[in-house]
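The values are calculated or read from the model by the stated rules, or taken from the named source; none is laboratory data. Please read these numbers as outputs of a predicted model, since none were measured by experiment. Because the Cβ atoms are built from the backbone with ideal geometry, glycine has one as well, and the counts that use them run over all protein chains shown.
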């Protein structure tokens, strides 16, 4: 009998994914640095080529302004106030949207009763409800949370409803033949099966929630990043305006990343695409 010689296992496949991850991260950082460098060159050089870059603050001016804001309690208070509003409104929308989406997706009675009303309200931009919020709620704070809630509700609701209706009926039939109750069908089949769709709606809802929150703060707020950014614009403090814009972008990026990370952790049992 001939002996089988085991070939040494190459580390190329083990090293490859790690190198790919670092290459991807480096490319992302480089793209941001290139954009900042181009901005600095165009604004510092007072370039006018179709667009008036000479009217915008330079990157160095914005960085200096950012440093001044970071040292103030007012900036921390505005960030905290906006985060409280987004967490409250988005959290309520996540709970109500998932529950309503499951109900509308599984019950014909609920779909016939509340479905048309939801479809009539859904196309209305949440920011257009600001006058309603002012009339309906006794405080500006409650009205802003209501706008944030409404903005993020429908992406979550619609995504959950579609995911519920798309579930294969054979899954429910199989567990029912084993004697499962209605509650067990929901907890063991429906909820796990719709999680990818739910987190897709949550990711979209978070982005929309930030857009409408900032708009509501600019219109009727007294604190928050949106309010402070608009106040800076009214006094022609353009570096401070860009500080507010960058802060909004960073906060939106961070909160969306948290939602996506939670989605990946909760649905880690799903098969993932294998990169070559």
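Data table
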quantity: Yes/no for residue 167 being under 30 Å from residue 224 (Cβ atoms) and buried (at least 16 other Cβ atoms within 10 Å of the Cβ); calculated: no
quantity: Members of the range 76-114 that are more than 22 Å from the chain's Cα centre (by Cα) and crowded, with 17+ Cβ neighbours inside 10 Å; calculated: 103, 104, 105, 106
quantity: Candidates 229, 247, filtered to the one that is within 20 Å of the chain's Cα centre (by Cα) and surrounded by 17 or more Cβ atoms within 10 Å (Cβ to Cβ); calculated: 247
quantity: Hits in the range 218-247 - residues which are part of a helix (DSSP H, G or I), touching a residue at least 24 places away in the same chain (Cβ under 8 Å) and farther than 18 Å from residue 56 by Cβ; calculated: 219, 220, 225, 226, 227, 228
quantity: Only one of 32, 59 that is under 21 Å from residue 247 (Cβ atoms), surrounded by 13 or more Cβ atoms within 10 Å (Cβ to Cβ) and either out of contact with any strand residue (DSSP E or B) (no Cβ under 6 Å at 6 or more places or on another chain) or at pLDDT 90 or above (or both); calculated: 59
quantity: Wholly within the range 81-170, helices (runs of 4 or more DSSP H) carrying at least 1 residues that are touching a residue at least 60 places away in the same chain (Cβ under 8 Å) and out of contact with any strand residue (DSSP E or B) (no Cβ under 7 Å at 6 or more places or on another chain); calculated: 130-136, 140-165
